[in-house]
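The structure appears below as structure tokens.
The values are calculated or read from the model by the stated rules, or taken from the named source; none is laboratory data. As the structure is a computational prediction, the values presented were derived from the model and not from experiment. Here the Cβ is made from the backbone with ideal geometry for all residues, glycine too, and neighbour counts use every protein chain on show. Quick note on the areas: whole protein, heavy atoms, side chains included, nothing else; ligands and nucleic acids left out. Shrake-Rupley method; radii C 1.70, N 1.55, O 1.52, S 1.80 Å.
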Amino acid sequence: QVQLVESGGGSMQAGATLRVSCVASERSFSTYNMGWFRQAPGKEREFVAGISWTGENTYYEDSLKSRIAVSRNNAKNTLFLQMNSLKPEDTAVYYCAATEGHYISAREHDYTYWGQGTQVTVSS
């Protein structure tokens with residue numbers, strides 16, 4: 001069982017760049033396809049980005065793909081998310097998750113392991 005811990009959230013100004021990280025407790029991290037999700041206040045959790053276990057393939061939410069990039073460093077058991085040109089509507093708790101499935105998925109039900117989340121607050 002892999003444990004995931006996110007970091008890098010906080011309070012930011014609109015227009016800034018967000019960089020969040022997710023560190024896994026196990027070397028098996030390198031065998032999981034990974035995803036980033038977020039949950040805004042009063043809203044359901046939504047998919048942000050996903051990346052294959054090799055890092056070769058990525059998948060982004062359409063409305064965000066012009067501003068985000070997901071990457072990973074398997075040697076350091078770490079997943080990254082960068083989001084540019086932050087907007088107040090990006091305010092949310094950002095979660096990383098690992099899926100045992102064979103494909104990158106945008107469905108949260110496909111993910112087995114979740115981090116506790118990191119709060120990101122964007123002010124105008």
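What ranking, highest mean first, results for peptides 118-124, 91-97, 8-14 when packing means the other Cβ atoms within 10 Å averaged over each residue?
Order by mean packing, descending: 91-97, 118-124, 8-14.
Carbon and sulfur: what percent of the stretch 38-124's accessible surface (1.4 Å probe)?
So the carbon and sulfur contribution to the accessible surface is 45 percent.
In whole Hz, with x marking every Gly and Pro, tabulate ³J(HN,Hα) for the stretch 28-45 from phi via Karplus 6.51 cos²θ - 1.76 cosθ + 1.60, θ = phi - 60°.
Listing the rounded values in order: 5, 3, 5, 9, 9, 6, 10, x, 10, 10, 8, 9, 7, x, x, 10, 6, 5 Hz.
Taking the convex hull of the alpha carbon atoms in the stretch 28-109, what volume per residue do you get, in Å³?
Cα-based convex hull of the stretch 28-109, divided per residue, equals 92 Å³.
Show me, for the stretch 86-98, the HN-Hα J-couplings you get by feeding each phi into the Karplus relation (A = 6.51, B = -1.76, C = 1.60, θ = phi - 60°), rounded to Hz, glycine and proline as x.
Each residue of the stretch 86-98 in turn: 4, 10, x, 6, 7, 4, 5, 8, 9, 10, 9, 8, 10 Hz.
Rounded to whole Hz and in sequence order, give me ³J(HN,Hα) for the stretch 15-22 from the Karplus expression 6.51 cos²θ - 1.76 cosθ + 1.60, θ = phi - 60°, writing x for Gly and Pro.
Each residue of the stretch 15-22 in turn: x, 6, 10, 9, 10, 10, 10, 9 Hz.
Within the stretch 81-108, which residues have the backbone N less than 17 Å from the label spot 7 Å out from Q1 along Cα→beta-carbon, could you tell me?
The answer is 97-100.
Let me spell out the model: positive unit charges on the Cβ of Lys and Arg, negative unit charges on the Cβ of Asp and Glu, origin at the Cα centre of the chain. What dipole size does that give, in debye rounded to 20?
300 debye
Counting only residues 5 or more places away or on other chains, whose amide H sits under 5 Å from the amide H of V120 once H atoms are built in the peptide plane?
Here the answer is G10, A92, V93, Y94, since their amide H atoms fall under 5 Å of that of V120.
Find the accessible area per residue for the stretch 35-105; the probe is 1.4 Å, ligands and nucleic acids are left out, and the unit is Å².
Each residue of the stretch 35-105 exposes 52 Å² on average to a 1.4 Å probe.
So what's the net charge close to T78: Lys and Arg +1, Asp and Glu -1, counting the other residues with Cβ under 15 Å from its Cβ?
Charge balance in the 15 Å sphere: +2.
Starting from the stretch 5-75, pick out the trypsin sites (Lys or Arg not before Pro) whose DSSP state is loop and whose Cβ has at most 10 other Cβ atoms within 10 Å.
Filter output for the stretch 5-75: K43.
Gain in length, E44 to S124, computed as 0.36 nm per residue apart minus the alpha-carbon separation, to one decimal in nm?
That pair, E44 and S124, stretches by 26.5 nm at full extension.
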